[in-house]
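Derivation of every value follows stated rules applied to the coordinates shown; laboratory data play no part. All values reported here derive from a predicted model rather than from experimental measurement. Positions of Cβ are generated from backbone atoms using ideal geometry, with glycine treated the same way; all protein chains shown enter the neighbour counts.
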Amino acid sequence: MGDPRRFHFFAEYIAARIPRSAHIVDVASGRGILQAALRERRFSHVTSWDRRRRSPYNRHGHRYDWFRHDTQESYDAVVAMHPDEGTDHAILYAGHHQISAIICPCCVRPSARPFWEPAKYHVWCAHLERMAQAVSLQVRWDRLPMNGRTS
């Protein structure tokens, strides 16, 4: 089970780096907790994408579909907390549009590009870094002050 404070810490990290006026896409958002945390920090343009409908109602700012790097939607920044198969799509979208991306990667689940290396987290992170650099994104690795994976 993840640290229950993870969305709070991630939203604080995002708020320190992305303007409140930006139209943000939240990739693989699950129940939309990150969007709620961002809205608490006065972000008003957040669209959460997740293929699973976690609510019986169509909530404002939610798209029930896979987020793909070739989507025609237009955003100013990409954020993703544990986006599973959306990780590489988030990087490729940000690179194609040359916008900021703040991603907290998780398990090894590629879906946009082949990944034939050993399914180890550090190898996956190195692959994501190379992918980001290949689309002219600068990569910076930081740690959030929370319990969770350390390497």
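Among the GluC sites (Glu not before Pro) in segment 1-109, those placed in a DSSP loop whose Cβ has at most 13 other Cβ atoms within 10 Å are Glu73. Among Cys107, Cys125, a tally of other beta-carbon atoms within 10 Å of each Cβ gives an order, fewest to most, of Cys107, Cys125.
The stretch between Tyr64 and Arg42, if pulled fully straight at 0.36 nm per residue, gains 5.6 nm over its current Cα-Cα span. Dipole orientation for the chain: of the candidates Pro4, Phe43, Gly148, Pro4 has the Cα lying most toward the positive pole (charges on Cβ; Lys, Arg +1; Asp, Glu -1).
In a simple Cβ point-charge model (Lys, Arg +1; Asp, Glu -1; nothing else charged), segment 18-134 has a dipole of about 440 debye relative to its Cα centre. Taking each DSSP H run with n ≥ 4 as -39500 (n - 2.57) and averaging over every residue of the chain yields -8500 deg cm²/dmol at 222 nm. Between Arg130 and Asp76, the contour length at 0.36 nm per residue exceeds the Cα-Cα span by 17.2 nm. Hydrodynamic analysis of segment 90-151 uses the Kirkwood radius over alpha carbon pairs. Inserted into Stokes-Einstein at 4 °C and 1.567 mPa s, it gives a translational diffusion coefficient of 103 µm²/s.
Given the options Ile102, Gly61, Pro114, identify the residue whose Cα lies farthest towards the positive end of the charge dipole of segment 18-134 (+1 on Cβ of Lys, Arg; -1 on Cβ of Asp, Glu). Going by the Cα projections, it comes out as Gly61.
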